[in-house]
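Novice: Got a structure for you, questions after.
The values are calculated or read from the model by the stated rules, or taken from the named source; none is laboratory data. Computed from a prediction, not measured in an experiment: that's the story for all the values here. Here the Cβ positions follow ideal geometry from the backbone for every residue, glycine too, while neighbour counts run over all protein chains shown. Calculation scope for accessible area: heavy atoms of the full protein, side chains included, ligands and nucleic acids excluded. Shrake-Rupley method; radii C 1.70, N 1.55, O 1.52, S 1.80 Å.
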Amino acid sequence: MQDKVKETSGLAQFGGQTWTVNDSGDGSNLYQVNQYTGEVIKQVHVDDVMSYDWEELAQSAGRLFVMDCGDNHGTRDSRSIINIDTDTLMRADDGETIAAVNTTRFSMADEPEEELTSYMHDYDCEASTVVGEELWVLSKNWSNLESRLYRLDLVDINKHGATDRVIEVIPAQTLNVDGLITAADYNAATGQLVLLGYDSSLIYKHPFIWIIPIENKVLNWDAARRFNLAPYGQWESILWQSENELLLTAEASWGTAARVGIVALSSLAVLD
């Protein structure tokens, strides 16, 4: 990765292009990168949208959803979904500014009203992916190391874009992931969801993935498989490249540079 992308936190691919974002402090910018080297090909700015804590990229046909959902300190009362037209993004030149289609806000209906403690609460959010006609969002639980699944209707997102309404969502399922979930991606061809995360170690974060089958739009946790990954680091984004291959990126942290990694599932051993 180059100096422009130090905190890569989301991945998307469409039209032969690979895109990522920085998670905070960078402004509303999207970056096309080389999927093998991380080299930045072009930078595109999104006009008239906030960049509080961009943590994930999710996509459906013709749309890229930038998830401004991070909440390390537990201070947010809502989160934003920035809807980008992928054709407009692909046609943009390096340094160009484009407009978003709309922005939708959502909140976790089960979040308590009392003040939360930074890095010690269960209502952070960094992972999201499109499954069928729904946008699935997964929590990052600092306290109990689980993850809750929230499901939003894509029609509802588009309907309420660019309004003052906040869509309240309730958790559909709680997953015993035993770690901090940072990214998700769904493979419609195989019906598999992949979750990326790492343990709660302060410095030497040990990454892992979960592979979970989805049957009739239901996540089958009983059949989920966990794999540990190497090397350690703050791995923040993941994307299916084929039925057997995953693309990952890690942000720069604790003396290590931002990195790109490719994982073949055939090389991994299932944990007991």
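Novice: With Leu202, Leu175 as the choices, which residue is over 16 Å from the mean Cα position of the chain (by Cα), open to solvent by 50 Å² or more (accessible area, probe 1.4 Å) and not β-branched (Val, Ile, Thr)? Walk me through how you get there before you give the answer.
Specialist: Details: Leu175 fails: open to solvent by 50 Å² or more (accessible area, probe 1.4 Å).
Selected residue: Leu202, the only one of Leu202, Leu175 that is over 16 Å from the mean Cα position of the chain (by Cα), open to solvent by 50 Å² or more (accessible area, probe 1.4 Å) and not β-branched (Val, Ile, Thr).
Novice: Kindly establish whether Gly27 is in a strand (DSSP E or B) and open to solvent by less than 50 Å² (accessible area, probe 1.4 Å). Even if it seems obvious, please write down each step before you answer.
Specialist: Details: in a strand (DSSP E or B): no; open to solvent by less than 50 Å² (accessible area, probe 1.4 Å): yes.
It is false that Gly27 is in a strand (DSSP E or B) and open to solvent by less than 50 Å² (accessible area, probe 1.4 Å).
Novice: In region 30-50, how many residues are crowded, with 16+ Cβ neighbours inside 10 Å and within 14 Å of Leu248 (Cα to Cα)?
Specialist: The number of residues fulfilling the criteria is 3.
Novice: Looking only at region 53-72, count every residue that is surrounded by 14 or more Cβ atoms within 10 Å (Cβ to Cβ) and in a loop (DSSP other than H, G, I, E, B) and tell me the total.
Specialist: Here the count works out to 5.
Novice: For Ile98, state whether it is within 19 Å of Gly10 (Cβ to Cβ) and crowded, with 21+ Cβ neighbours inside 10 Å.
Specialist: No; evaluated as a whole, the condition is false for this residue.
Novice: Can Ala189 be described as surrounded by 21 or more Cβ atoms within 10 Å (Cβ to Cβ) and either modelled with pLDDT of 90 or more or of a type in the set (Asp, Glu) (or both)?
Specialist: So Ala189 fails the test.
Novice: Hey, can you tell me all the residues within region 101-118 that are over 16 Å from Asn141 (Cβ atoms), exposed (fewer than 15 other Cβ atoms within 10 Å of the Cβ) and of a type outside the set (A, V, I, L, M, F, W, C)? Let's see the steps before the verdict.
Specialist: If we filter region 101-118 for residues that are over 16 Å from Asn141 (Cβ atoms), which is where we start, we get 101-107, 109, 113-115.
Still in the running and exposed (fewer than 15 other Cβ atoms within 10 Å of the Cβ): 109, 113-115.
Listed by number, the residues that qualify are Glu113, Glu114, Glu115.
Novice: If you don't mind, there's one more thing I want to ask. Would a scan of region 36-47 turn up a residue that is farther than 21 Å from Arg259 by Cβ, of a type in the set (S, T, N, Q) and either in a strand (DSSP E or B) or in contact with a Ser or Thr (Cβ under 6 Å, 6 or more places away or on another chain) (or both)?
Specialist: No, the conditions are met nowhere in region 36-47.
Novice: Still on this structure, please answer the following. Can you pull out every residue in region 205-217 that is open to solvent by 80 Å² or more (accessible area, probe 1.4 Å) and over 19 Å from Thr182 (Cβ atoms)?
Specialist: Glu215, Asn216, Lys217 - these are the residues of region 205-217 that are open to solvent by 80 Å² or more (accessible area, probe 1.4 Å) and over 19 Å from Thr182 (Cβ atoms).
Novice: For region 58-74, check the following and say yes or no: at least one residue is of a type outside the set (Asp, Glu), without any contact (Cβ under 8 Å) to a residue 12 or more places away in the chain and over 24 Å from Gly197 (Cβ atoms).
Specialist: Just the residues of region 58-74 that are of a type outside the set (Asp, Glu), to begin with: 58-67, 69-70, 72-74.
From what's left, without any contact (Cβ under 8 Å) to a residue 12 or more places away in the chain: 61.
Within this subset, residues satisfying the condition of being over 24 Å from Gly197 (Cβ atoms) are 61.
Yes, some residue in region 58-74 is of a type outside the set (Asp, Glu), without any contact (Cβ under 8 Å) to a residue 12 or more places away in the chain and over 24 Å from Gly197 (Cβ atoms).
Novice: For Ala127, state whether it is of a type in the set (Gly, Ala, Ser) and either modelled with pLDDT under 95 or within 19 Å of the chain's Cα centre (by Cα) (or both).
Specialist: Yes: the conditions hold for Ala127.
Novice: Taking the conditions exactly as written (touching a residue at least 40 places away in the same chain (Cβ under 8 Å), acidic (Asp, Glu), in contact with a Ser or Thr (Cβ under 9 Å, 6 or more places away or on another chain) and surrounded by 15 or more Cβ atoms within 10 Å (Cβ to Cβ)), does Glu243 satisfy them or not?
Specialist: No, not satisfied.
Novice: Between residues in region 95-119 that are more than 21 Å from Ser60 (Cα to Cα) and without any contact (Cβ under 8 Å) to a residue 40 or more places away in the chain and residues that are open to solvent by less than 50 Å² (accessible area, probe 1.4 Å) and of a type outside the set (A, V, I, L, M), which pairs lie under 6 Å by C-beta distance while being six or more apart or on different chains?
Specialist: Matching pairs, first to second residue: Glu111/Tyr123.
Novice: Same structure again: Could you check Asp222 against (1) open to solvent by 60 Å² or more (accessible area, probe 1.4 Å); (2) in contact with a helix residue (DSSP H, G or I) (Cβ under 8 Å, 6 or more places away or on another chain); (3) not β-branched (Val, Ile, Thr) and say which number it fails?
Specialist: The one condition Asp222 does not meet is (2).
Novice: I'd like to verify a number: residues in region 158-186 that are at pLDDT 95 or above and out of contact with any strand residue (DSSP E or B) (no Cβ under 6 Å at 6 or more places or on another chain), how many?
Specialist: Total meeting the criteria: 3.
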